[in-house]
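The values are calculated or read from the model by the stated rules, or taken from the named source; none is laboratory data. Worth saying up front: this structure is predicted, and the values here are computed from it rather than measured. Every residue, glycine among them, receives a Cβ derived from its backbone with ideal geometry; neighbour counts consider all protein chains shown.
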Ligand SMILES: NC(=O)c1ccc[n+]([C@@H]2O[C@H](COP(=O)([O-])OP(=O)(O)OC[C@H]3O[C@@H](n4cnc5c(N)ncnc54)[C@H](O)[C@@H]3O)[C@@H](O)[C@H]2O)c1
């Protein structure tokens, strides 16, 4: 198959491209390098089955000259913790509209990257695809990201209803691993690993009792690949995550990373940062996936526990710093 991967130079994009090329597919990647890196796609540059366009998906023409069988739409702005809610809303909706327009016009499938953030602060965990999406108030800008992704999901499903667009929506839960962004853009694990490697205190936002369920990138890519190729994935929404038992508090994540890097006897250095320092911020207290749908329909089975995945990630991140 020939696939377009948007956001190909980013974290999930570059890992997906590597997997698709290994499986013998042809891939056209596109990225504007706003959050992506040349080093992420450098290994594929000489692969004859890989082509790359440096382009901006806010521009409708960016994809017009590429023909393909399906588009995996990963390019996105994320939670505006340090950035700007207007950019998140504008960029995410414009890019999704442009990608959907091409898919409708060329009659090809879209695989859309959504997020566990769409479940918002729904207190009823675990989150299944049938759970309510309970985002917070509009004056808390972190919800702009979830709202932009909810809009994207609605927009895609409405295009399915009106024009027969074939789609699969993948809701990722905190993925981590090779090529992850090393700042908060890449998630707490990236930052914690970087700090522990430098023997600097781990920065915990709030009291650290908030929980997440992290997914190693190889499992994320495996789930995403099933969403692309399995015909049973058509016109469905799937959580892509690790097992619910992997739920961990952010404080325990910090301590685990410290132990894996600095040894069992090292007392972790922790620095608590009050939420108030981010302005009007609101956190999600528990985030736990229900993955029974993707397990049943797409035969997905995550293979990496948190400690194994982190060990791999730390090896990769240590190599980068060498
Ligand atoms: N990483 C996770 O844990 C996670 C969790 C939930 C959802 N997601 C979603 O998965 C997708 C991929 O996430 P990621 O972690 O790989 O993010 P990432 O930021 O590493 O990759 C996104 C890529 O999109 C590119 N991009 C952004 N705006 C663009 C534009 N206007 N034109 C062209 N390229 C543009 C960036 O340069 C970047 O390389 C995103 O849609 C994200 O919202 C990721």
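Listed here are the residues, each with its yes/no results for (1) surrounded by 20 or more Cβ atoms within 10 Å (Cβ to Cβ); (2) in contact (Cβ under 8 Å) with a residue 24 or more places away in the chain.
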| residue | (1), (2) |
| --- | --- |
| 2 | no, yes |
| 11 | yes, yes |
| 50 | yes, yes |
| 60 | no, yes |
| 65 | no, no |
| 92 | yes, yes |
- Query: So which residues in segment 134-156 are crowded, with 16+ Cβ neighbours inside 10 Å and without any contact (Cβ under 8 Å) to a residue 40 or more places away in the chain?
  - Reply: 135, 146, 150
- Could you pull out the residue among 42, 62 that is touching a strand residue (DSSP E or B) at 6+ places or on another chain (Cβ under 8 Å), within 15 Å of the ligand (Cβ to nearest atom) and farther than 22 Å from residue 230 by Cα? 62
- Task: Restricting attention to segment 219-248, report how many residues are touching a residue at least 12 places away in the same chain (Cβ under 8 Å) and part of a helix (DSSP H, G or I).
- Result: 15
- Message: Need the failing condition index for residue 35 against (1) farther than 19 Å from residue 228 by Cβ; (2) touching a helix residue (DSSP H, G or I) at 6+ places or on another chain (Cβ under 9 Å); (3) more than 7 Å from the ligand (Cβ to nearest atom), just the number.
- Response: (3)
- Task: Only one of these is touching a helix residue (DSSP H, G or I) at 6+ places or on another chain (Cβ under 9 Å), at pLDDT 95 or above, under 24 Å from residue 132 (Cβ atoms) and not in a loop (DSSP other than H, G, I, E, B): 257, 261, 294. Name it.
- Result: 294
- Note on the structure: Restricting attention to segment 187-218, the residues that are touching a residue at least 12 places away in the same chain (Cβ under 8 Å), away from the ligand (no atom under 15 Å from the Cβ) and either in a loop (DSSP other than H, G, I, E, B) or over 19 Å from residue 284 (Cα atoms) (or both) number exactly 12
- Criterion (more than 10 Å from the ligand (Cβ to nearest atom), without any contact (Cβ under 8 Å) to a residue 60 or more places away in the chain and within 19 Å of residue 172 (Cβ to Cβ)) met by exactly one of 71, 110: 110
